[in-house]
Amino acid sequence: MTAGAGHRRAAEALAHAAQAHDPQADVACVNLLDHTPSWFRRGYGWIYLLLVRHLSWLWKLNYRVLDHPVGYRSIQPLRRAWNLLMTRRFVRWLRAQEPTVVVATHFLPADVCSACKQQGWLTAPLIVVVTDWHPHRFWLSQEAQAIVVGTRESAAACERWGLARERLHVFGIPIDPAFGAAVNRQGLAERFQLHATRRTVLVTSGGTTVGRFERVVEALLALEWVRPGLLQLLVVCGENETLRRRLTERAKRSAMPLRAFGFVDYMADLMAVSDLAVAKAGGLTVSEALGRGLPMVFYHVIPGQEQMNALYVVRHGAAVIAQTPRETAVAAQRCLSDPALLTSMQEAAKALGHPDAASAIVSRVIGPLLQNNNPSSVVQRPSERGRHHE
């Protein structure tokens with residue numbers, strides 16, 4: 001499911017881990033939206049961006065009402081009927097695949113596959129991997145054999161909501177193993193043309209630049225006049241190529257060094273060479289930063305799931321929340337000007353990180369479920385029996 005870059009990255013991390021665990025496995029990373037009507041596929045992401053960018057109060061209200069037990073019970077039958085109507089092609093496709101195991105990293109396929117399990121024809125184990133640090137009730141699946149969450153607090157919440165303890169697993173959010181790999185930081189500094197005496201701030205906003213992203217960059221650049229020589233910026237603009245070009249031109253007249261990037265597949269390297277991340281509080285971005293032991297300043301927090309993500313990390317001392325671009329710059333300056341504070345935040349981030357989550361989920365959740373499903377086989381060969389679907 002690729003409705004959101006974070007959900008896709010989690011699925012890809014699990015797919016790579018499954019392939020590494022069993023090189024003969026036939027692993028497919030599938031976007032459910034590719035099997036839905038074109039208007040639904042286009043509208044699904046568009047409506048979300050509209051709400052979080054321009055109607056955040058409505059998104060917050062929607063999130064809270066539907067996460068309340070009464071609201072959830074009221075809407076869930078209608079929600080499931082609608083989901084099944086929109087994903088009929090996906091259900092037919094899935095039925096033809098005869099998968100060995102199905103893993104959902106988004107609540108929409110989690111609900112659809114749960115319905116298929118309830119109907120009785122999907123007999124493969126279903127694993128739901130929650131990609132936020134606190135699960136919304138939309139993630140709940142009574143039909144899943146396993147639900148993987150990021151924290152013990154999340155597991156306790158799921159248990160209070162009626163999920164059996166033995167089906168809950170706390171392994172963190174799956175990320176690419178590159179975020180936990182050792183690196184040559186000096187070599188990376190040379191690759192990205194960084195100044196040895198300046199602290200490096202990574203500014204990112206996931207796949208799309210949500211919030212006052214450019215104003216945050218300008219506020220950080222203005223710190224050069226307050227603390228000359230303190231900072232340098234690595235700015236990842238994602239799919240916003242217009243902004244990348246604008247910031248590249250802006251860098252030519254900036255006293256503070258700035259390098260602007262578009263969509264990158266080397267975020268693990270950018271995080272490894274950085275001292276602080278200024279980011280929005282998406283579940284995967286947070287998990288990747290924690291995997292690198294990288295402290296964060298959250299410049300934008302979407303009400304609901306991102307608010308829960310941010311509060312969890314702030315509570316454990318690995319991040320701070322800023323309300324405005326100016327507050328973001330002040331927070332970054334404070335963190336990077338105080339070595340003791342920065343070290344404390346780095347240690348807190350490392351303590352929260354789960355860089356091996358994907359491998360742990362494959363070996364300690366998916367593997368045992370496959371063996372229990374076919375106890376006569378010591379080692380499962382999914383390519384001989386069907387497919388893994390992430």
query = By counting other Cβ atoms within 10 Å of each Cβ, how are Thr151, Thr131, Thr248 ranked from fewest to most?
reply = Thr248, Thr151, Thr131
ask   = Once you treat every alpha carbon in segment 50-112 as an equal point and sum by Debye, what is log10 I(q)/I(0) at q = 0.17, 0.23, 0.27 Å⁻¹?
value = -0.78, -1.04, -1.14
remark   = A correct fewest-to-most ranking of Glu159, Glu214 by other Cβ atoms within 10 Å would be Glu159, Glu214
task = Return one number: the angle in degrees, 0 to 90 and rounded to the nearest 10, between the long axis of the Cα atoms of helix 56-67 and the longest principal axis of the Cα atoms of the chain.
result = 30 degrees
query = Over the chain, what is the mean sequence separation of C-alpha contacts under 8 Å (at least six apart), divided by residue count, expressed as relative contact order in percent?
reply = 22 percent
note = Rounded to the nearest whole number, the per residue volume of the convex hull around the C-alpha atoms of segment 184-258 in Å³ is 92 Å³
message = Please check: in the Gaussian network model of the chain (C-alpha springs, under 10 Å), which one of Ser154, Ser114, Ser363 has the largest mean-square fluctuation.
response = Ser363
note = Taking Ser38, Ser344 and counting other beta carbon atoms within 10 angstrom, the fewest-first order is Ser38, Ser344
ask   = Tell me, what is the FRET efficiency for Gln186 and Ser363 to the nearest 0.05, using R0 = 45 angstrom and their Cβ-Cβ distance as r?
value = 0.85
message = Working only with C-alpha atoms, what are the Rg and Dmax values of segment 178-352, expressed in angstrom?
response = 14.6, 40
task = Report Rg(Cα)/(2.2 N^0.38 Å) for the chain, keeping two decimals.
result = 1.01
remark   = For segment 1-70, one quarter of the surface area of the C-alpha convex hull, expressed in nm², comes to 6.7 nm²
ask   = Which angle between 0 and 90 degrees, to the nearest 10, do you get for helix 69-86 versus the longest principal axis of the chain when only C-alpha atoms count?
value = 80 degrees
query = Counting pairs of alpha carbon atoms under 8 Å apart in space and at least six apart in sequence, what relative contact order in percent does segment 178-352 give?
reply = 23 percent
key: Loop-located chymotrypsin sites (Phe, Trp or Tyr not before Pro) in segment 160-250 whose Cβ has at most 15 other Cβ within 10 Å (DSSP)   = Trp161
query = When you take every Cα atom in segment 152-195, what is the radius of gyration, and what is Dmax, the widest Cα pair distance, in Å?
reply = 19.2, 53
message = What whole-number distance in Å separates the alpha-carbon centres of segment 168-198 and segment 4-34?
response = 21 Å
query = By how many degrees, between 0 and 90 and to the nearest 10, does the Cα long axis of helix 38-54 differ from the longest principal axis of the chain?
reply = 40 degrees
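Every number in this text was worked out from the coordinates using simple rules, so none of it is lab data. Note that the structure is a prediction, hence the values are computed from the model and not measured. Positions of Cβ are generated from backbone atoms using ideal geometry, with glycine treated the same way; all protein chains shown enter the neighbour counts.
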